[in-house]
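S.K.: One structure, pasted below without further comment.
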Amino acid sequence: MRTRTGWLAFALVLATAGELLAQGTGTPLENRRDEPITRTGTRGANFLEIGVGAQAQALGGSYTARAMGPTALYWNTAATALTETFAAGFSHTELFEGSGVTHQFAGALLPTNLGTIGVSVISLSSGKMTRTTEAYPLGGDPQYGGEFEWTATAIGLHYARRITDRLSVGVAGKFVTEGITGANASYVGADLSTLFNTGLYGITLGAALVNIGSSGRMEGQLIEDRLSPGRTEDLFGNRRRQDVLLKTQEAPLPTQFRFGIMMDLVGSATALLAPNPDHRFVVLTDISDAIDTAIQTSIGFEYSFRDILFLRAGKQWLNEARAEHRDSFTFGLGGGAGLRIPLGGSRMIGIDYSYRDHGDLNNTQVISVEVAF
């Protein structure tokens, strides 16, 4: 049982801090009494905090007030109330170049007379990893096999509705699961969001409270064991078989609040500087307060030409007090481009790409495709 506990604990650490897959040994961190206690690493399903879509990643995550299309199902469900035609999209992310970790998103929107209905799927894969145990620290344990893969999936059902011509609200429910074969945790969660176009100086406000829900506990075949009579005699003084469970702890979802502001400098009728039918330039900013991380801020810029060509840039500050990249300007800096190809009427196809620097963890590249008809 001790052997099984060792590799299972190792897998759980990888899941709650998947970014470590791409790191080397690094500089050891020592305890400091002057630093406040944080909740880092205390939540399950942390893959829900990884943003989706090339548009959002290029803008540094400043997307709560700008969210549009299928990826808005992740960032701000309320924004999907503005959708006028059926739309579907897919996003593929290579996390931390060379790590083998992939992150996928797929979503679809259906506008109706009663509001917009959406469905989303988010998945994370660690890729194949060597399974190690205490007896086989380099892998190759014949009892458990040579490799395993950590996977996580979230399936969401969304609804958004316009309250007025400027105010929209949205709600979502989600079922989440994560783990490896034989050891999984499940969660049920919800999102609440709103989008408000002020009509003043081209300002739009967005807010989302996400991942409100239950806690999950690792369960499954690998959590269970049966002690032989010899073991029970050593431990309990009797010679009978005894079923036991590893003591796993519950972990709640990573609840997070996001607030965003978008300002049209050039473009719309209420733009701060001037309306323009061909060119649009917007500035965006977001603040994110998650229960297990420090407050994070971001800023983004987007230029578009006739809603066909898009150029984007942005930066996110993670505000990690002891991170070596804290003073690096390029860390969290990203950029990208997009193309919307009209196909006649309301039909179109969109392609977006983003690149973002993650310092020692290398870069993250995202490709998104969207269709509407």
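S.K.: If you go through the range 208-222 one residue at a time, do you hit one that is β-branched (Val, Ile, Thr), at pLDDT 90 or above and within 30 Å of Ala290 (Cβ to Cβ)?
M.R.: Yes, because at least one residue in the range 208-222 is β-branched (Val, Ile, Thr), at pLDDT 90 or above and within 30 Å of Ala290 (Cβ to Cβ).
S.K.: It is to be established whether one or more residues within the range 355-365 are touching a Ser or Thr at 6+ places or on another chain (Cβ under 6 Å) and within 19 Å of Ala72 (Cα to Cα).
M.R.: No, that holds for no residue.
S.K.: Go through Ile367, Ile349 for me and flag whichever is free of Cβ contacts under 8 Å to residues at least 40 places away in the same chain, surrounded by 14 or more Cβ atoms within 10 Å (Cβ to Cβ) and in a strand (DSSP E or B).
M.R.: Ile349
S.K.: Looking at the range 265-282, is at least one residue closer than 30 Å to Ile212 by Cα, aliphatic (A, V, I, L, M) and surrounded by fewer than 21 Cβ atoms within 10 Å (Cβ to Cβ)?
M.R.: Initial filter on the range 265-282 (closer than 30 Å to Ile212 by Cα): none.
Within the range 265-282, not a single residue is closer than 30 Å to Ile212 by Cα, aliphatic (A, V, I, L, M) and surrounded by fewer than 21 Cβ atoms within 10 Å (Cβ to Cβ).
S.K.: Please go through the range 146-179 and pick out each residue that is of a type in the set (Lys, Arg) and surrounded by 15 or more Cβ atoms within 10 Å (Cβ to Cβ). Steps first, please.
M.R.: Keep residues of the range 146-179 that are of a type in the set (Lys, Arg), which gives 161-162, 166, 174.
The answer is Arg161, Arg162, Lys174.
S.K.: Given the conditions (1) aromatic (Phe, Trp, Tyr); (2) assigned to a strand (DSSP E or B); (3) free of Cβ contacts under 8 Å to residues at least 60 places away in the same chain, which single one is not true for Phe301?
M.R.: (3)
S.K.: Mind listing just one residue for me: the one in the range 352-364 that is assigned to a strand (DSSP E or B) and surrounded by fewer than 20 Cβ atoms within 10 Å (Cβ to Cβ) and, of those, modelled with the highest pLDDT?
M.R.: Tyr353
S.K.: I need a count of the residues in the range 148-171 that are in contact with a strand residue (DSSP E or B) (Cβ under 6 Å, 6 or more places away or on another chain) and farther than 19 Å from Gly206 by Cα.
M.R.: Matching residues across the range 148-171 total 9.
S.K.: Could you check the range 184-216 and list, in sequence order, the residues that are surrounded by fewer than 22 Cβ atoms within 10 Å (Cβ to Cβ), more than 21 Å from Leu82 (Cα to Cα) and in contact with a Leu (Cβ under 8 Å, 6 or more places away or on another chain)?
M.R.: Answer for the range 184-216, where residues must be surrounded by fewer than 22 Cβ atoms within 10 Å (Cβ to Cβ), more than 21 Å from Leu82 (Cα to Cα) and in contact with a Leu (Cβ under 8 Å, 6 or more places away or on another chain): Ile212, Gly213, Ser214, Ser215.
The values are calculated or read from the model by the stated rules, or taken from the named source; none is laboratory data. This structure is a prediction, so every number in the text was calculated from the model and none was measured. Every residue, glycine among them, receives a Cβ derived from its backbone with ideal geometry; neighbour counts consider all protein chains shown.
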